[in-house]
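All of the numbers you see were taken from the coordinates with simple rules; none came from a lab. Because the structure is predicted, anything quoted here is derived from the model rather than measured. Every residue, glycine among them, receives a Cβ derived from its backbone with ideal geometry; neighbour counts consider all protein chains shown.
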Amino acid sequence: MDAAKALLAESGISGTNMIEIADRAQVSRASLYNHFRDKHEVFVALVETELERIATLAMIAQSRGDALYMISREISSHPGLQTALQTDGDIMAAALTAREHKVWVEIYSQLAKIFATDVVGVGLILRWLMGQVTAPLSDDHSKQQAKRLASIL
């Protein structure tokens, strides 16, 4: 996953292939293909890993506002996400609108657990976070909005 994360930040999804992932990870290509059918499966696994990492950080935050702020900063400063938005707009647009994908189901589940909120609350959080994927807020604005959003939840 570290190799895929680094390559995503450097070249985006389209600019990366399985050979590069295997070489950077120092594993055989056969081994990589035993675990993943193609690079898209690798990147889905990477998203799942990053989701788990960010959710863990949010769970230990001191408050809902702190958790929201931390998630927003992780998303808006993620080098792989920034590169993918610049180089793979069509892939990212499809990913951001694919609500039935297992990753989205996990995102909803994690947000509901972290913030102990219902579908409406999760929807509000997601809309706020999705805006930050494409147009990140400044650090101060992110803190202010996280605090406001937390008070609404």
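Values as computed for the structure displayed
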read-out: Extreme residue, surrounded by the most Cβ atoms within 10 Å (Cβ to Cβ), among residues of segment 7-36 that are touching a residue at least 60 places away in the same chain (Cβ under 8 Å) and of a type in the set (A, V, I, L, M, F, W, C); value: LEU8
read-out: Residues satisfying the stated conditions in segment 132-153, i.e. surrounded by 15 or more Cβ atoms within 10 Å (Cβ to Cβ) and either assigned to a helix (DSSP H, G or I) or touching a strand residue (DSSP E or B) at 6+ places or on another chain (Cβ under 8 Å) (or both); value: GLN132, VAL133, SER142, LYS143, GLN145, ALA146, LYS147, LEU149, ALA150
read-out: Count of segment 72-112 residues which are outside any helix (DSSP H, G or I) and either within 29 Å of LEU153 (Cα to Cα) or in contact with a helix residue (DSSP H, G or I) (Cβ under 8 Å, 6 or more places away or on another chain) (or both); value: 6
read-out: Residue check for LEU85: more than 19 Å from the chain's Cα centre (by Cα), of a type outside the set (Asp, Glu) and more than 23 Å from THR117 (Cα to Cα); value: no
read-out: Every residue from segment 67-81 that is surrounded by fewer than 17 Cβ atoms within 10 Å (Cβ to Cβ) and touching a residue at least 60 places away in the same chain (Cβ under 8 Å); value: PRO79
read-out: Any hit, segment 36-44, residues being assigned to a helix (DSSP H, G or I) and under 19 Å from MET130 (Cβ atoms); value: yes
